[in-house]
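Novice: Mind having a look at this structure? Questions to follow.
Only the coordinates and a few stated rules stand behind these numbers; no lab work does. Quick caveat, the model's predicted, so the values are computed rather than measured. Cβ: placed from backbone, ideal geometry, glycine included. Neighbour counts: every protein chain shown.
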Amino acid sequence: MDEDIPPWLQCVLDSLERGDVPDTSIPPEQFDAVSVDKKKALLKSIQQLVDDDTVSLNSFLPLLSSALDADNRAVRLTTAKLLVSVAETTPDAILELVPVLAARVADDDEFYYVRARSAEALGYVALEHPDEVATPELLADLRLGLSFDEPEVTQKLSKALEHVALGDPRRLRHHVPTLAEHLADDDELVRCHLCTALVVVGSESPDRLADVADDLRIRLSDDSTFVRGRAAERRLGDLCDADEPFVADRARFALSALGGTADPDGPTPGVGTIESVSASTADAAEEIRSPDSDGMRPSCGFPLAESGPPMCPRCGQPH
């Protein structure tokens, strides 16, 4: 046994290494007392078991809550990344940590990567539990951050807002003008996430987009394929409701063709619905994050060498 490791922690690490779940929860005060390296080792062991679907987080929630408030930012970041991984697949598992994650997002003095990952985790939870996540205070923090935060943070804030919209489009009805102000953001991911959020809001409340119709129309000529596609999706949806049958019939035909049916009056299962938007958002974001043929990362424009680091130094995405 490592003499620097308390017996309780060694026991937990040994159990985790064997793939077992410790019989008892770890008191936060014990976790707080060990070194940063030991904290990170424990968190990474938990992360591995979570990735392998061999452990429930229930017994670790008090510890993770404490870790999110640790003095060391590396511990907080490791914890936030763990929670993103969990929230993406099982958002229910971290529901009770929503207030702690929201506090990280609201803390202007927090390390920006921690704020970004905390917002991302909250967004995944919002897909299933919008009422618990989308409080007026958190929505205000997400919106304000779009104007003042680092690009790495605004990407995650806009993604969280997109997920709030997908979880419950009504939550962003009163925030449409503010979101539209950022449709011309320099970051392609931010534009894509926010355009998607507005398309989803418009699918439930089309009248809410009346004042930002010009902003969306401009996106029809956006440099990004995915932003143009979302803007077109919204525009065709509007034209389907046009008073002039000549226009409405042809818009419905276009959407039907995109949706895989030739019937101009038929349903459009592939395009224009919340379900179809939700199904295509992850692929669109992944494509944007992938390096282009010139070795530049589209989401941030950073030149990437073949022998470069495993993470992009500018946007933090995997190389």
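Novice: Give a residue-ordered list of calculated ³J(HN,Hα) values for the stretch 186-196 (Karplus: 6.51 cos²θ - 1.76 cosθ + 1.60, θ = phi - 60°; whole Hz; x for Gly, Pro).
Specialist: Result, ordered by residue: 5, 8, 4, 5, 4, 4, 5, 4, 6, 5, 4 Hz.
Novice: Next question. Listing ARG104, ARG230 from the residue with the fewest other Cβ atoms within 10 Å to the one with the most, what is the order?
Specialist: Neighbour counts put them in this order, fewest first: ARG104, ARG230.
Novice: Using the count of nearby Cβ atoms within 10 Å as a rough guide to exposure, how do ARG115, ARG228, ARG171 rank from fewest to most?
Specialist: By the 10 Å Cβ count, ascending, the order reads ARG228, ARG171, ARG115.
Novice: Taking amide H atoms as placed 1.01 Å from N in the peptide plane, list the residues 5 or more away in sequence, or in a different chain, whose amide H sits under 5 Å from that of GLU110.
Specialist: Result for GLU110 returns nothing.
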